[in-house]
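Notes for the one structure printed next.
The values are calculated or read from the model by the stated rules, or taken from the named source; none is laboratory data. Just so you know, these numbers come straight off a predicted model, no measurement behind them. Here the Cβ is made from the backbone with ideal geometry for all residues, glycine too, and neighbour counts use every protein chain on show.
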Amino acid sequence: MDASDPANLELNPDEMRAMGHATLNRVIAHLASLPDQRICGDLQAEALCRSMRKPAPTFGTDLQSVLDSLFDEWIPRSFTPSGPGYMAYIPGGGLFPAALADFIADSTNRFTGIWQAAPALVQLEANVLDWFRDWMCFPPSTSGLLTTGGSMATFNAILCARERHLGPDIRAGVVYASTEAHHCVGKMAKLAGIMPDRFRLVPVDASFKLNVQRLTELIRSDREAGLRPFLVVSSAGTVNTGAVDPLNAIADICVHERLWHHTDGAYGAFFHVCEEFRPILHGLERADSLTLDPHKGLFLPYGTGALLVRDGAALRAVHAGTASYLPPQPVAEEFYDPSQHGPDLSRGFPGLRVWLCVTLFGAARLRAAIAEKRVLALETAERLQQVPGLSLMAPPELSLFAFHVTWPGSNVTERNDATRELIDRVRDRGQVMMTGCTVDGQFLARICILSFRTRRPQVDLCVTQIAEETASILAAHNPR
Ligand SMILES: *Cc1c(COP(=O)(O)O)cnc(C)c1O
């Protein structure tokens, strides 16, 4: 960098090449070491974070020392959701071509917010949304939007439902979701102007699925109270136990009651790509709108969410807008214009990361990877079922299941403590990470297999370590 001309921020080709090589080398070494990286980083990072607070540097630093800090000090002090042993929360993968796509998108820095500014690039994003539409068996009228994640997809869905069903008079509108729905539903309802006193949590049945009987009762009593039910949010795979709500029955209710039906498929929707799993998600294709999270079930890096809206006009009605300083709207209906389908104007180019991954791998390989995750989850569940002292709630419907530690004569507090201890002990061994949740006062360990890097060796490791730690926990409670 030329110090004699400080206003010149352009790098010369040799500098760019050297920086690119240095970064690529670190990234590749990092990815190669993923199986050996500690799965859970550092749970006591307060002091470190305080020591990191610094004013913006007046003068630049060289890349090498920054890469050292990042790869040697800061990145290792995180969870390792990209690692093969990560079965906590909903795992993320991070397909490598997506990073290349971001590199290309950021380096070329074309404007993909409006169609006219980069028509061919925007078409790639439109193709991605069409692929999602086809995989989810939505009709040609569908429109969609790539978002930063499932939460923002859900936000935009609630806006569509609100505008379509309530118009400007939103205060009487009521939203329904099960007690097991993701917390982002209530949060996004509030962002969309639907306050907590108009958000109903519908009880679940013994399998943690939305109880449709209770849903209809709640809708009726809200109508009798003069309120305006307008939206039901169902879950195609909950975070706690992986339960898939009765999507088809909920779709029937929504047709009958004239309500918008949004399905949260942030965890589960991509299993619909595999035809053999479609019966598990029966009714998903009937939703008015659907949240998908490519950064979960399609193995993309974080920052990649998506929404499909069956009647694309509803999404455009929410987001249409123009100004005299912009190219004229509307562009021919045939062409997709991101700023007319979502809240952003200037934005990154999320379409390229998805497009490049699907194009390089092809749908068949992605399908095979998704299918394998379910097979591995079923197998893990079956093997854990055989472990003395473990009790499974139910086999996985998709690739997520919950279980707990138990022994004869134990009470719920003891079981909860033992299950917590199991999660901690396995995590502290550094190779496998699961997390827990509390359902009905019962603390459950949960395993979600969704990273493309999780293969049979990690499943073996997971089963072995859980069996060993369970035996040791039980021995402490039942000394011979
Ligand atoms: C992850 C998740 C969300 C939230 O999505 P983000 O991408 O984290 O914003 C919502 N619902 C379910 C079922 C999820 O698994």
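Observations, loosely collected:
- When residue 227 is tested against (1) surrounded by 18 or more Cβ atoms within 10 Å (Cβ to Cβ); (2) more than 13 Å from the ligand (Cβ to nearest atom), just one condition goes unmet, and that condition is (1).
- Here 264, 245 are screened, and the one residue that is of a type in the set (Asp, Glu), touching a residue at least 12 places away in the same chain (Cβ under 8 Å), within 16 Å of the ligand (Cβ to nearest atom) and in contact with a Gly (Cβ under 8 Å, 6 or more places away or on another chain) is 264.
- Single residue of 156, 127 found to be out of contact with any Phe, Trp or Tyr (no Cβ under 8 Å at 6 or more places or on another chain), assigned by TED's automatic domain parsing to the domain that holds residue 345 and under 21 Å from residue 349 (Cβ atoms): 156
- If you go through the stretch 271-297 and keep only what is within 13 Å of residue 150 (Cα to Cα) and either among the hydrophobic types (A, V, I, L, M, F, W, C) or not assigned by TED's automatic domain parsing to the domain that holds residue 355 (or both), you end up with 290, 292.
- Summed over the stretch 62-87, the residues that are touching a helix residue (DSSP H, G or I) at 6+ places or on another chain (Cβ under 8 Å), under 30 Å from residue 400 (Cβ atoms) and in contact (Cβ under 8 Å) with a residue 40 or more places away in the chain give a count of 7.
- Only one entry in 26, 53, 17 is farther than 30 Å from residue 451 by Cβ, under 31 Å from the mean Cα position of the chain (by Cα) and modelled with pLDDT of 95 or more, namely 53.
- Evaluation of residue 109 against (1) over 18 Å from the mean Cα position of the chain (by Cα); (2) of a type in the set (S, T, N, Q); (3) within 16 Å of the ligand (Cβ to nearest atom) (one fails), failing number: (3)
- Residue within the stretch 292-307 that is among the small types (Gly, Ala, Ser) and out of contact with any helix residue (DSSP H, G or I) (no Cβ under 8 Å at 6 or more places or on another chain) present: no
- Filter pass, residue 261 being more than 29 Å from residue 95 (Cβ to Cβ), outside any helix (DSSP H, G or I) and not small (Gly, Ala, Ser): yes
- Those residues of the stretch 136-147 which are within 16 Å of the ligand (Cβ to nearest atom) and either part of a helix (DSSP H, G or I) or among the β-branched types (Val, Ile, Thr) (or both), in sequence order: 147
- Pair list, Cβ under 8 Å, 6 or more apart: the stretch 143-156 residue in contact (Cβ under 8 Å) with a residue 12 or more places away in the chain and more than 16 Å from residue 113 (Cβ to Cβ), other residue near the ligand (Cβ under 8 Å from one of its atoms) and assigned to a helix (DSSP H, G or I): 149/295; 150/184; 150/296; 151/184; 154/184; 154/185
- Subset of the stretch 148-188 (residues that are aliphatic (A, V, I, L, M) and either within 13 Å of the ligand (Cβ to nearest atom) or more than 25 Å from the chain's Cα centre (by Cα) (or both)): 152, 153, 157, 158, 166, 170, 172, 174, 177, 181, 185, 188
- Residue list for the stretch 63-91, filter: of a type in the set (D, E, K, R) and at pLDDT 95 or above: 68, 72
- Filter pass, residue 234 being closer than 17 Å to residue 160 by Cβ and at pLDDT 95 or above: yes
- Of the residues making up the stretch 47-61, at least one is closer than 27 Å to residue 424 by Cα, among the small types (Gly, Ala, Ser) and loosely packed, with under 14 Cβ neighbours inside 10 Å.
- Single unsatisfied condition, residue 370 versus (1) in a loop (DSSP other than H, G, I, E, B); (2) within 16 Å of the ligand (Cβ to nearest atom); (3) not assigned by TED's automatic domain parsing to the domain that holds residue 240; (4) not small (Gly, Ala, Ser): (1)
- Search result, residues across the stretch 292-329 that are away from the ligand (no atom under 16 Å from the Cβ) and in a loop (DSSP other than H, G, I, E, B): 310, 311, 320, 321, 322, 323, 324, 325, 326, 327, 328, 329
- Taking first residues from the stretch 45-59 that are under 16 Å from residue 69 (Cα atoms) and partners that are surrounded by 10 or more Cβ atoms within 10 Å (Cβ to Cβ), the Cβ contacts under 6 Å between residues at least 6 apart in sequence or on separate chains come to 45/77.
- Taken over the stretch 383-429, the criterion of being under 26 Å from the mean Cα position of the chain (by Cα) and not aliphatic (A, V, I, L, M) is satisfied by 395, 396, 397, 399, 401, 403, 404, 419, 420, 424, 427, 428.
- In summary, residue 210 fulfils each of the numbered conditions (1) touching a Gly at 6+ places or on another chain (Cβ under 8 Å); (2) within 16 Å of the ligand (Cβ to nearest atom); (3) without any contact (Cβ under 8 Å) to a residue 60 or more places away in the chain; (4) not small (Gly, Ala, Ser) with the single exception of condition (1).
- Test: residue in the stretch 270-277 that is touching a Pro at 6+ places or on another chain (Cβ under 8 Å), farther than 20 Å from residue 233 by Cβ and within 16 Å of the ligand (Cβ to nearest atom): no
- Scanning the stretch 435-453 for residues that are under 29 Å from residue 95 (Cα atoms) and either acidic (Asp, Glu) or part of a helix (DSSP H, G or I) (or both) turns up nothing.
- Conditions (1) at positive phi; (2) touching a Lys or Arg at 6+ places or on another chain (Cβ under 6 Å): number failed by residue 109: (2)
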